[in-house]
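First the structure, in the form of structure tokens, and then the observations on it.
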Amino acid sequence: MHRRRFIKSTSCIALLSGASGCSSLTGNGVQDSDGDGVVDSQDYAPQDPDVQEKSDISGSSQGSDSNTDTGSDRSSNSELIGEAVGNYKAGYDGVEASKDLLSTAINSFEQESYELVITTLSDFESTTRGIATSFSDSAEAAEQLGAGDVREAALAGEAEAKAVGNAGKKIEDAAESAQEENWDDSDEYLGQAQSFLRQAEQEHQNVMDPQQVENKLM
């Protein structure tokens, strides 16, 4: 393989690994996203270093609100919670599966199996658009629930899904150009794929684990 294309394709794999990794890890590999010394699974606000417990949030009116909830309100909230959690998990799992598929396609590219790359990524862009929609629906439900942190995480997931989808399209374009021995175009498309994967890596830093979302809303 042309050395420049090899370097760019291996860089894409490295960026994919970064987009799948944790934003901050404690020494034993447990995630601590905000670096406050409290692992995410025990942190009420894993993206906020100033908040570790629910009691850290002043001026909460949840107690009085709960006393005036009607049965209809509780039912409505339950439906919204189900939408927020379910769509978030669908989006999260979809992005992770998409990254795995994209990694497989990049490996095929390195082996100069360009037709296999094209076949692997034929529906990739439309699939990731659907995944982005799941995150968008989750963000909308979270907004109605007043869960701003969950909404922000879902919007980050939406942006990550779109970036991964765009990267896949560019890698598909690179494979098509390589098939036709248009090496300069292929290199350019790989460079664009790198840029989208960097964007995905950045957005991933603000994406919560689905269990964290469920813990916050349930």
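In terms of packing, defined here as the mean over residues of other Cβ atoms within 10 angstrom, the peptides 124-137, 174-187, 156-169 line up highest first as 156-169, 124-137, 174-187.
Seen from ALA159, the other residues with C-beta closer than 11 Å to its C-beta sum to a net charge of -3, counting Lys and Arg as +1 and Asp and Glu as -1.
Our coupling estimate for the range 93-108, obtained by passing each phi through the Karplus curve with A = 6.51, B = -1.76, C = 1.60 and θ = phi - 60°, is 5, x, 5, 4, 5, 5, 5, 4, 5, 5, 4, 4, 5, 5, 4, 5 Hz, Gly and Pro reported as x.
Stretch ASN107-GLN202 to full length: gain in nm at 0.36 nm per residue minus the Cα-Cα span? All intermediate terms of the calculation are to be shown ahead of the outcome.
Details: separation 95, 0.36 × 95 = 34.20 nm, distance 2.28 nm.
Difference between extended and current length: 31.9 nm.
Stretching the chain fully between GLU188 and THR119 yields a gain of 22.8 nm (0.36 nm per residue, less the alpha carbon separation).
Every read-out reported here was derived from the displayed coordinates using simple, explicitly stated rules and does not represent laboratory data. Here the structure is a predicted model, which is why all the values come from computation and not from measurement. Using ideal geometry, Cβ is built from the backbone for each residue, glycine included, and neighbour counts are taken over all protein chains shown.
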